[in-house]
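Undergrad: What follows is a structure written as structure tokens; I'll ask about it next.
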Amino acid sequence: MKIAELTRQLAGSNIQPLYLVTGTERYLLNQIRAQFKAIIPEDQAQMNVGSYDMVQTPVAVALDDAMAMPFFGEHRLVVIDEPYFLTGEKSKSKVDHDLDALLKFIEHPEPTTILVFFAPYDKLDNRKKLVKTLKKVAVNVDASPLSERDARQFVEQQVDHDGYKFGPGALDTLIQRTGADLSLMMAALTKLELFAVQDHVMTTVAVTGLVAQSLDDNVFDLVNAVLGRNVKRAVSLYHDLLATGEEPLRINAVLVSQFRLLLQVKVLASRGLSQGSLAGQLKVHPYRVKLALQSDRHFSQRDLSRAFLGLINIETQLKQTQDDPELLFNLFMLQFTNQAA
């Protein structure tokens, strides 16, 4: 179930006793949480809303709350956060959880309690009986990162609802500067709408001036300059990053990360994996995979490997020597450019 369907369900009379919210998109998770809390009237919230972090609190405490009758209200809302026991991960927490009791409750929930599991993980352990049962009987709500197309549509709908619109190219610039990250885009809208309060039109100039370009985005331009063997532009971009106060090791780490992603996408795409499958397997935002696929069409795996290994070498020298970072990068570019394609 998507957030729009959930909104309609919670606004009606078909509210269910169990919900499982999965996915890692922060903005959607916050919106979904707010919608559940809105079910309980404000004057009843103190007595009828409980939130429990499973890293710190035994699940039995949450169940005691879930089995209680609402206090002067129709529903009791119980939220279970960080239910790591639904995954294959091991927690450092020493909290003892009675999962058999939880399974029994899930199989026979209290009709006046709304029990919501917020599981912000990439995947759950579907081999566990608890997970299988919960997925079967609960309403499954998806809060996964949106694709570029879906994020674009989501933002456009919100802007239209607010009575604003994007000028030519403005939304494209916003997507490029935020990496199509919905949380970043929605945070930027507040500033953009305030800036455009007179004519209600958000322009490319406004986006460029108000939405900072991330290091990853700047480095993406640098990656293309490196692979294009454009020494002058690559050296200039590297110098500009240093001039903004970015640490050489951090710049290099992001470069290494970008080239690692390009290599991974190159190899896996050759095996027939789709863009969506690549994003899921590599655990990165779909927009980054899209950009990687676009870049990979123009460069060989050999070039990507050479650049990656050259940057690993820079990292070693940055950690072990006092050599000038710009000099090391210049030498890397000269060596890489002189290698046969």
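Undergrad: How far is it, in nm, from the label point at K319 to the one at K129 when both lie 7 Å from their Cα along the line to the Cβ?
TA: The modelled label-to-label distance comes out at 4.6 nm.
Undergrad: From a point 7 Å beyond the Cα of D53 in the direction of its Cβ, which residues of region 95-117 have a backbone N at a distance under 15 Å?
TA: 95
Undergrad: Additional query: When the chain is fully extended, how far beyond the present Cα-Cα distance does R229 get from T112, taking 0.36 nm per residue of separation?
TA: Contour length minus the Cα-Cα distance gives 35.6 nm.
Undergrad: Can you give the helix-only mean residue ellipticity at 222 nm for the chain, where every DSSP H stretch with n ≥ 4 adds -39500 (n - 2.57) and the sum goes over all residues, rounded to the nearest 500 deg cm²/dmol?
TA: -17500 deg cm²/dmol
Undergrad: Another question, if that's okay. What FRET efficiency comes out for K37 versus V137 if R0 is 22 angstrom and r is the Cβ-Cβ distance? Round to the nearest 0.05.
TA: Efficiency, from the Cβ-Cβ distance: 0.45.
Undergrad: Whenever you get a sec, compute what percent of the accessible area on region 1-120 sits on carbon and sulfur atoms (1.4 Å probe).
TA: The nonpolar share, carbon plus sulfur, comes to 51 percent.
Undergrad: Helix 325-338 versus the longest principal axis of the chain: what angle, 0 to 90°, nearest 10, using Cα atoms?
TA: 70
Undergrad: Which percent of the accessible area of region 278-341 is formed by carbon and sulfur heavy atoms (probe 1.4 angstrom)?
TA: Carbon plus sulfur share of accessible area: 50 percent.
Undergrad: For a quick check: with amide H placed at 1.01 Å from N, whose amide H comes under 5 Å from T113's, ignoring anything fewer than 5 positions away on the same chain?
TA: Distant-sequence amide H within range of T113: R76.
Undergrad: Now, a different point. Antiparallel as a % of all DSSP beta bridges within the chain, to the nearest 5?
TA: Percentage antiparallel, nearest 5: 0.
Undergrad: Using a 1.4 Å probe on the protein heavy atoms, what percent of the accessible area of region 154-196 belongs to carbon and sulfur?
TA: For region 154-196, the apolar C and S fraction of the accessible surface comes to 55 percent.
Undergrad: Could you tell me which of T204, V219, F71 has its Cα farthest along the dipole of the chain towards the positive end, charges placed at Cβ (Lys, Arg +1; Asp, Glu -1), taken about the Cα centre?
TA: Result: V219, furthest along the dipole toward the positive end.
Undergrad: Charges at C-beta only: +1 for Lys and Arg, -1 for Asp and Glu. How large is the resulting dipole of region 168-233 about its Cα centre, in Debye rounded to 20?
TA: Dipole size: approximately 340 debye.
Undergrad: While we're looking at this one, here's another question. If one takes the longest principal axis of the Cα atoms in the chain, at what angle in degrees, from 0 to 90 and to the nearest 10, does the Cα axis of helix 231-243 lie?
TA: Roughly 50 degrees, rounded to the nearest 10.
Undergrad: Averaged per residue, what accessible area in Å² does the chain show with a 1.4 Å probe, protein chains only?
TA: Roughly 53 Å² per residue, with all protein chains present.
Undergrad: May I ask you to compute the full-extension gain from K90 to S236, defined as 0.36 nm times their residue separation minus their alpha-carbon distance, rounded to one decimal in nm?
TA: 48.0 nm
Undergrad: Taking 0.36 nm per residue of separation and subtracting the Cα-Cα distance, what length does fully extending L103 through D216 add?
TA: 36.4 nm
Undergrad: Okay, moving on. For the peptides 227-237, 311-321, what is the packing order when you average, over each peptide's residues, the other Cβ atoms within 10 Å and list the highest mean first?
TA: Ranking, from highest mean packing down: 227-237, 311-321.
Undergrad: Shifting gears a bit: Note down the relative contact order for the chain as a percent, whole number, built from C-alpha pairs under 8 angstrom at least six residues apart.
TA: Rounded, it is 16 percent for the chain.
Undergrad: Please give the helix 286-296 orientation as an angle from the longest Cα principal axis of the chain, in degrees from 0 to 90, rounded to the nearest 10.
TA: 20
Undergrad: Find the centroid of the Cα atoms in region 103-147 and in region 280-296, then give the distance between the two in whole Å.
TA: For region 103-147 versus region 280-296, the Cα centre distance is 28 Å.
Undergrad: Using θ = phi - 60° and the Karplus relation 6.51 cos²θ - 1.76 cosθ + 1.60, list the HN-Hα couplings for region 122-137 in order, rounded to whole Hz, with x at every Gly or Pro.
TA: 5, 7, 9, 8, 6, 7, 6, 4, 4, 5, 4, 5, 4, 5, 6, 9
The values are calculated or read from the model by the stated rules, or taken from the named source; none is laboratory data. Remember, predicted model here, so these are calculated numbers, not experimental data. Don't worry about glycine lacking a Cβ; one is built from the backbone with ideal geometry, like all the others, and counts go over all protein chains shown. Please note that ligands, DNA and RNA were not included when accessible areas were found on the heavy atoms of the full protein model with its side chains. Shrake-Rupley method; radii C 1.70, N 1.55, O 1.52, S 1.80 Å.
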